[in-house]
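See below for the structure under consideration.
The values are calculated or read from the model by the stated rules, or taken from the named source; none is laboratory data. As the structure is a prediction and not an experimental result, all values here were calculated from the model. Every residue, glycine among them, receives a Cβ derived from its backbone with ideal geometry; neighbour counts consider all protein chains shown. What goes into the accessible areas is simple: the full protein's heavy atoms, side chains included, and nothing from ligands, DNA or RNA. Shrake-Rupley method; radii C 1.70, N 1.55, O 1.52, S 1.80 Å.
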Amino acid sequence: MREKLEALQAEAIEKVQQADNLQALQDVRVAYLGKKGPITEVLRGMGKLSPEERPVIGELANKVREAIATALDNKKNLLEEAALNEQLQKEAIDVTLPGRPVKTGGPHLLTSIIEEVEDLFLGMGFEIKEGPEVETDYFNFEALNLPQDHPARDMQDTFYITDHLLLRTQTSPVQARTMREYNGDKAIKMICPGIVYRRDSDDATHSHQFTQIEGLLIDKNVRMSDLKGVLLEFSRKLFGADREIRLRPSFFPFTEPSVEVDVTCKVCDGKGCNVCKHTGWIEILGAGMVHSNVLRMSGYDPEEYSGFAFGMGVERIAMLKYGVDDIRHFYTNDVRFLSQYHKA
Amino acid sequence: MFVSLNWLKQYVNIDNSTPEELAERITRSGIEVEGIERIAPESTNVVVGYVESCEQHPNADKLNLCQINVGTETYQIICGAPNIAQGQKIAAALPGARLPGGMKIKKAKLRGVESHGMVCSLQELGIDEKFVPKEFAEGIFVFPEDAEVGTPVAELLNLDDVILELGLTPNRADAMSMLGVAYEVAAILNKEVNLPEEAYPTSNSKAADFVQVKVEDNELNPYYGAYVIENVKIAPSPLWMRNYLMAAGIRPINNVVDITNYVLLVYGQPLHAFDYDKVATKEIVVRTANEGETMQTLDDQERTLTGDELVITNGKEPIALAGVMGGANSEVTNQTTTVLLEAAYFDSRAIRRSSKHHNLRSEASSRYEKGIDPNRVKKAGAYAARLLAEYAGGAVAEGVVEFDELDRQEKKVELDTASVNARLGTTISDDEIASILTRLQFGFEQDNSQFAVSIPTRRGDISLFEDMLEEIARIYGYDNIPYTLPEGEAFAGKLTTKQYLKRQLKQYLQGAGLMETITYSLTSKARTEMLVSPEVKEQSVHAVALKMPMSEEHSHLRISLLPELVDTLSYNVARKQDNLGYFEFGRIFLSEEEQTTEQPTETARLAGAITGTWTEQPWQQEKKPVDFYVVKGIVEGIFAQLDLEPVFQQAQVDGYHPGRTATVSHNGRAVGVVGQLHPTVQKAYDLKETYVFDLDVAYLIDQYKEEPSFRTVPRHPSVTRDIALVVDEAAHAGDIQRTIKEAGGELVQQVQIFDVYQGEHMEAGKKSIAYTVLYQDPTRTLTDEEVEASYNSIMEAVKAAHGAELRS
């Protein structure tokens, strides 16, 4: 009996090893472990055995059955793994073919610059204001200390709609409107990005439509040194941490003193090159202390309040920052231009 | 303003500053030096030569064979200039000479005869053709007889001069004169200004016997002074004066005219010389012009006056457009013997009006317009009289015939050191302020830290504390002001909800595959009539017209973003860029009238335009052109960004495909349009199938409700039911969808279309649409009965409203 069982085990395990597919393996399982299989038969014949032999053979029969079952399971795992591997081999693809592109668009370069400048000033506690592009002569000029017949009106050629209605030549009227809104008794920290218009023929450096960002800070005891501090901070965040700025006297009717602000050329690091015309400096904005006439006209008492204002051309900043050579690119919207400034 | 440094040195000592250093200091202190130009840095070995003889070249009609004596030697030089003649003193470039532009002079043979050099014109010596005196424009330059033979011409012609080109802001009218620049440079370098000597000798004649002066309007013309100079001999002015005029960009004419121009440049005071005999009436009357009156100005233009101008008359007719240009009828010519010299003060606004109206800018008008120094009028007149006596042989009659109500008072500005420092953020001392005022040559009285400053009348731009603040700051140096940060109230900076949503929508569209564009707001009238969204058109709006557009292309403010946006597609397609998706977030301008006096309504629109292939994977042969549903999906996404529900309705809209266009509305309000461009529009723009959308984004953003409250995440299972319906092929799936949602009751969370079929196994004229209805109640599990009840009411409703049958 014992010999028979041991022979059965050896024979079954031999068959398991020989099975080369799952069906063959299943056949082995049925043949040896099935209800009609030889082990079941052995167990059925137990009645003939002596009571002493019965538990011994029973235990042996169970061991044999377990050994065969384990061999079957192990072989099954092996075969399944092989089948899976074969399947995966068949599923292989050419990973060097191009991926399915995700279609994305992108922001206009001017929007990128505007948002960058906005975020920078939001961080310094400024708010963002907007105003109409069709303005009254009053807000575009008079409230900014540019009365009729003022020679400085020549500096900006204006698109008029009527004698008193025009396309704003600057975003400064938004400052005048905000000062009114704040009623002369509150501090103001604002910037106003927006489209402006001037009677210029479009060429590489002129555009009848362009974009400005102006800023205004009004409070008690605002100093010119604060203007320098804020603009230095701004220039370094926009153009790089190692930039320096310098102020040059200039003239704007709504500020006094008025200055133009240069930043060190990033191309040559201030050493002088073609971009900065060998000066080491590049003009980036105009600024100044708000003129007392402007404060007064907008309801602020110049004895109590002072402030500074600054303004820059967004196209100019973009041209400097990215080396764009023709202002018309911003409005032609050639996809080969637009797509240079974002990752698609 | 062109400033000759050689000339400037007569009024202020600039020590050893190089032109570049000086320019840098001037720029940093207040006036931008836009250019530094050397007249002719490299002309060497060009000297004054005497033409001993001048004969025709034996082999050439138009060439002359000249013997030129340059003092040490005589050279044979061939010259083609028509104006060369024996006895002249000319500029001879000798072998080895270099001329501006790099030309090198060598011995040469011309038509078989040797030439040892070249006789030069002013142009060849580096003078701009514009400023070369007319008599020398077509030939060589001829020196005055007193020029010494052998002298290098660079000296005589001021060729070694350096010109600073000043870019003047409108406030710095004071620097439109050499003396003004001298004061500026003196302040910067801490030097004195040397003023010219103005006293002049007089004859026995009395000016009052020659002329009377009447002024009608003492505000427009508070001062008029007339000088009379007899026995004038018209001739070229001295060479040095001609040199300075040319350096300043003025063409020399004759001694009288040159002297008035020279004095104008020195003092910034315009002067005018009349031929006294041509004035003829012994009378000067200054009055406003009569409307329709005509006169001929010195530029030979016949001008019809508007009645706004100030004119100088002889009591009968205009003889000059005051402050702008003289009249041809009283012009100084070679025959003139008696000069009537005008030195006057005209109001800037009056001159500005007439020069603007007649589009006539002169050296005189550009100075009057910006305001001149009331204290220099008489000085300039006197200095001109002195020069006329000296260089035109004139005899100046005694006295000046004047009308004088001119205010010459200096303005006073008070300031104190503490206020200056408080505003600048500096720690300037009392002494430093006093020293700056001294350098500026402003008079002042000081009481410790209190200053009462008298502003010289040459600085008409200064009248307030902050004007003085700027003067102090610029001389003190902006570099010396420290960097500080504002100490006032701190604010938290944040985008408003609207600003945030604008960014959000732009980002959504970029993520959806569209590129942002910015187009011009000014467009043509024709384009304002195209592709206007129906709800805009309904308001019967007009595009606002510019009063004086620069071109027809940019004459009106847009009332739709689409015409320019579609044009942008067209531009790109013409450059072989076929697959494009663009959007613009911009303003339109709506008005009730084309010629409006009211500010139009400015409102934000969001528009997009897509053409060509939308999805593409070449190696999988996958290529899908854009279609209506792509654009509609994008529009639905815009609404989803704002938590809003759009309603689309098939519509006929001008410029759009009649079968592939829908109006978009929200809560019953029309807010835009989405659809395919009409094929005729596509053709006009040279585009293939193009889909666009155009939305009233300002309104949509206004509808956004911030919804901070928490919505329960459902814990109970949902139930779905599929419903396949057979309907007429013309039926609109969206309408049925709405009916299902309304009829299904509150439990219906979502109705989605998952299949649309038409064709085999379907009755002709019919189509099948299949919907999935999702039921859910977040608070409990649904029963079969209530879902069944809802399903039944849906079936009844779709049958009633759309004649729909259940697909078997």
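Hull volume per residue, based on the alpha-carbon atoms of chain B and their convex hull, is 290 Å³. Remark: for residue pairs B:Lys278/B:Lys316; A:Lys129/A:Lys321; B:Lys316/B:Lys356, the C-alpha separation exceeds 19 Å in A:Lys129/A:Lys321; B:Lys316/B:Lys356. Between B:Arg503 and B:Asp160, the distance separating the two model label sites (each 7 Å from Cα on the Cα→Cβ line) works out to 6.3 nm. Look at the stretch A:157-164: the mean tally of other chain Cβ atoms within 10 Å of its residues' Cβ atoms is 5.
Remark: segment A:291-303, residue by residue, has Karplus-estimated 3J(HN,Hα) of 5, 4, 4, 5, 4, 5, 4, 9, x, 9, 7, x, 6 Hz, where x stands for each Gly or Pro and the curve is 6.51 cos²θ - 1.76 cosθ + 1.60 at θ = phi - 60°.
Annotation: peptides B:389-401, B:5-17, B:748-760, ranked by per-residue average of other Cβ atoms within 10 Å with the highest first, follow the order B:389-401, B:5-17, B:748-760. Straight-line reach from B:Lys624: taking Cα to Cα under 15 Å and skipping same-chain neighbours fewer than 8 places apart, the aspartates and glutamates in range are B:Asp578, B:Glu616, B:Glu689. Could you state the number of Å between the C-alpha centres of segment A:163-229 and segment A:253-327? Between the Cα centre of segment A:253-327 and that of segment A:163-229, the gap is 12 Å. Note on B:Lys107: accessible area is roughly 130 Å² with a 1.4 Å probe, heavy atoms of protein only.
Legend: calculated FRET efficiency, A:Lys48 to A:Glu11, from the Cβ-Cβ distance at R0 = 25 Å, rounded to 0.05, equals 0.65. Note on A:195-202: average number of Cβ atoms from other chains within 10 Å of each residue's Cβ is 3. As a quick test, which of the pairs B:Lys502/B:Lys705; A:Lys186/A:Lys237; B:Lys214/B:Lys282; A:Lys189/B:Lys502 have an alpha carbon distance above 20 angstrom in this structure? As for pairs spanning more than 20 Å Cα to Cα, those are A:Lys186/A:Lys237; A:Lys189/B:Lys502. Taking a sphere under 14 Å around the Cβ of B:Phe585 and counting the other residues whose Cβ falls inside, with K and R at +1 and D and E at -1, yields a net charge of -1. Residue separation of B:Asp686 and B:Glu197 scaled by 0.36 nm, minus their Cα-Cα distance, works out to 168.5 nm of gained length. Would you please give the residues with an amide H less than 5 Å from that of A:Ser250, counting only those at least 5 places away or on a separate chain, with H modeled from the backbone geometry? For A:Ser250, whose amide H was placed from the backbone, the distant partners under 5 Å are A:Ser258, A:Val259, A:Glu260. Between segment B:720-759 and segment B:76-110, the C-alpha centres lie 99 angstrom from each other. Other protein chain C-beta atoms within 10 Å of residue C-beta, averaged over B:490-496: 6. Descending by average beta-carbon neighbour count within 10 Å, the peptides B:411-417, B:58-64, A:81-87 line up as B:411-417, B:58-64, A:81-87, the highest first. Seen from B:Met530, the other residues with C-beta closer than 13 Å to its C-beta sum to a net charge of -1, counting Lys and Arg as +1 and Asp and Glu as -1. Sparse packing (at most 16 other Cβ atoms within 10 Å of the Cβ) combined with a DSSP loop state is found for the following trypsin sites (Lys or Arg not before Pro) in segment A:6-96: A:Lys35, A:Lys36. Determine the sum of side-chain charges near B:Ser435: Lys and Arg each +1, Asp and Glu each -1, restricted to other residues whose C-beta is under 15 angstrom from that of B:Ser435. Cβ neighbours under 15 Å give a net charge of -2.
Put a plus charge on the Cβ of each Lys and Arg, a minus charge on the Cβ of each Asp and Glu, and nothing anywhere else: the dipole of segment B:653-786 about its Cα centre is then about 220 debye.
Amide H to amide H distances under 5 Å link B:Gln212 with B:Glu283, B:Ile284, where only residues 5 or more positions off or on other chains count and H is placed in the peptide plane. Volume per residue for segment B:1-64 equals 183 cubic angstrom (convex hull of Cα atoms).
Within the accessible surface of the protein assembly as shown, defined with a 1.4 Å probe on protein heavy atoms only, the carbon and sulfur portion equals 47 percent. Sorting the segments B:778-785, B:729-736, A:115-122 by their mean number of nearby beta carbons within 10 angstrom, highest to lowest, gives A:115-122, B:729-736, B:778-785.
For segment A:1-46, the square roots of the Cα gyration tensor eigenvalues, ordered a ≥ b ≥ c, give a/c of at least 1.5 with a/b no greater than b/c, which places it in the oblate category. Spread over its residues, the convex hull of the C-alpha atoms of the protein assembly as shown is 330 Å³ per residue.
Of the residues A:Arg243, B:Arg408, ranked by 1.4 Å probe accessible area with the largest first, the sequence reads B:Arg408, A:Arg243. Modelled spin labels at B:Glu636 and B:Asn359, positioned 7 Å past Cα toward Cβ, are 5.9 nm from each other.
Taking 29 Å as the straight-line reach from the Cα of B:Lys9, the lysines in range (excluding those fewer than 8 positions away in the same chain) are A:Lys277, B:Lys89, B:Lys130, B:Lys134, B:Lys191, B:Lys370, B:Lys378, B:Lys379. Calculated FRET efficiency, B:Asn190 to A:Asp301, Cβ-Cβ distance, R0 = 41 Å: about 0.60 to the nearest 0.05. In the assembled protein chains, B:Arg28 presents an accessible area of approximately 50 Å² (probe radius 1.4 Å).
Looking at the protein assembly as shown, what % of its DSSP beta bridges pair antiparallel, to the nearest 5? Of the beta bridges lying entirely in the protein assembly as shown, close to 95 percent run antiparallel. Per residue, the protein assembly as shown exposes 46 Å² of solvent-accessible protein surface, assessed with a 1.4 angstrom probe and all protein chains in place. For B:His716, project a label point 7 Å along Cα to C-beta. Then give me every residue of segment B:756-787 with its amide nitrogen under 18 Å of that point. Backbone N within reach: B:774-787. Extending 7 Å from Cα along the Cβ direction at B:Gln652 and again at A:Ala67 yields two label points whose distance is 9.3 nm.
When a/c reaches 1.5 or more, the comparison of a/b and b/c decides; with that in mind, is segment B:719-806 rounded, prolate or oblate per its Cα gyration tensor? Prolate is the answer for segment B:719-806, as a/c is 1.5 or above and a/b outweighs b/c. Within the same chain, aspartates and glutamates fewer than 8 places from A:Lys63 are excluded, and of the rest, those with a Cα less than 16 Å from its Cα are A:Glu3, A:Glu6, A:Glu11, A:Glu41, A:Glu53, A:Asp73.
Chain A contacts chain B over a buried accessible area of about 7700 Å², both sides summed; the probe is 1.4 Å and only protein chains count. Surface listing: B:Phe442, B:Phe210 arranged by accessible area from highest to lowest gives B:Phe210, B:Phe442, probe 1.4 Å.
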